[in-house]
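The structure appears below as structure tokens.
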Amino acid sequence: MNKEVRNARIKSINGQIKYYENYISKIKFFESDWIDQSFYEDELSSTAYVLNNLRNQKREIERSNENSSPEFCIDCGERISEKRKNAKPWAVMCTDCSSEYERIHQDLAS
């Protein structure tokens with residue numbers, strides 16, 4: 001991954017991190033019934049998962065040198081396939097973990 005791509009990816013991740021940190025700071029546990037409390041707990045847990053993955057992605061991109069990408073998925077530890085690396089040189093997660101991350105990310109966005 002060249003320096004420009006790395007910097008653009010890090011900038012994008014920083015924006016997402018800022019968004020989710022702000023979102024978490026606004027989740028309030030009001031005095032409400034147990035169903036609402038459960039919803040807030042689930043929302044906080046899902047958001048924290050996404051935020052943790054973003055931070056891991058950023059860390060891996062920053063660690064990788066300009067000519068390589070991480071060899072192993074930051075989420076499950078499995079090897080990232082060559083096919084995926086060729087398609088997305090900045091990939092830091094395997095296809096399965098990336099799909100799960102995207103699903104959760106989309107759920108939170110809606």
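The values are calculated or read from the model by the stated rules, or taken from the named source; none is laboratory data. As the structure is a prediction and not an experimental result, all values here were calculated from the model. Reconstructed Cβ throughout: ideal geometry from the backbone, glycine too, with neighbour counts over all protein chains shown.
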Handout entry: Test: residue in segment 58-76 that is at pLDDT below 90, crowded, with 17+ Cβ neighbours inside 10 Å and in contact with a strand residue (DSSP E or B) (Cβ under 8 Å, 6 or more places away or on another chain)
Key = yes
Exercise for the section: Could you tell me whether segment 87-98 includes any residue that is closer than 22 Å to Tyr23 by Cα, modelled with pLDDT of 85 or more and polar (S, T, N, Q)? Expected result: yes
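Taking the condition charged (D, E, K, R), surrounded by fewer than 16 Cβ atoms within 10 Å (Cβ to Cβ) and either part of a helix (DSSP H, G or I) or at pLDDT below 85 (or both), does Arg84 pass? Walk me through how you get there before you give the answer.
Working: charged (D, E, K, R): yes; surrounded by fewer than 16 Cβ atoms within 10 Å (Cβ to Cβ): no; either part of a helix (DSSP H, G or I) or at pLDDT below 85 (or both): yes.
Spelling it out, it is not the case that Arg84 is charged (D, E, K, R), surrounded by fewer than 16 Cβ atoms within 10 Å (Cβ to Cβ) and either part of a helix (DSSP H, G or I) or at pLDDT below 85 (or both).
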Fill in the blank from the handout: Scanning segment 3-23 residue by residue, those in contact with an Asp or Glu (Cβ under 8 Å, 6 or more places away or on another chain) and surrounded by fewer than 11 Cβ atoms within 10 Å (Cβ to Cβ) turn out to be Lys3
Practice task
Would you mention how many residues in segment 99-110 are at pLDDT 75 or above and acidic (Asp, Glu)?
Solution key: 2
Handout entry: Counted residues, segment 37-56 - those being within 16 Å of Lys18 (Cβ to Cβ) and either in contact with a Lys or Arg (Cβ under 7 Å, 6 or more places away or on another chain) or small (Gly, Ala, Ser) (or both)
Key = 1
Problem - Test: residue in segment 30-44 that is more than 25 Å from Pro89 (Cα to Cα) and among the aliphatic types (A, V, I, L, M) - result: yes
Exercise for the section: State whether one or more residues within segment 23-46 are of a type outside the set (A, V, I, L, M, F, W, C) and modelled with pLDDT of 90 or more. Expected result: no
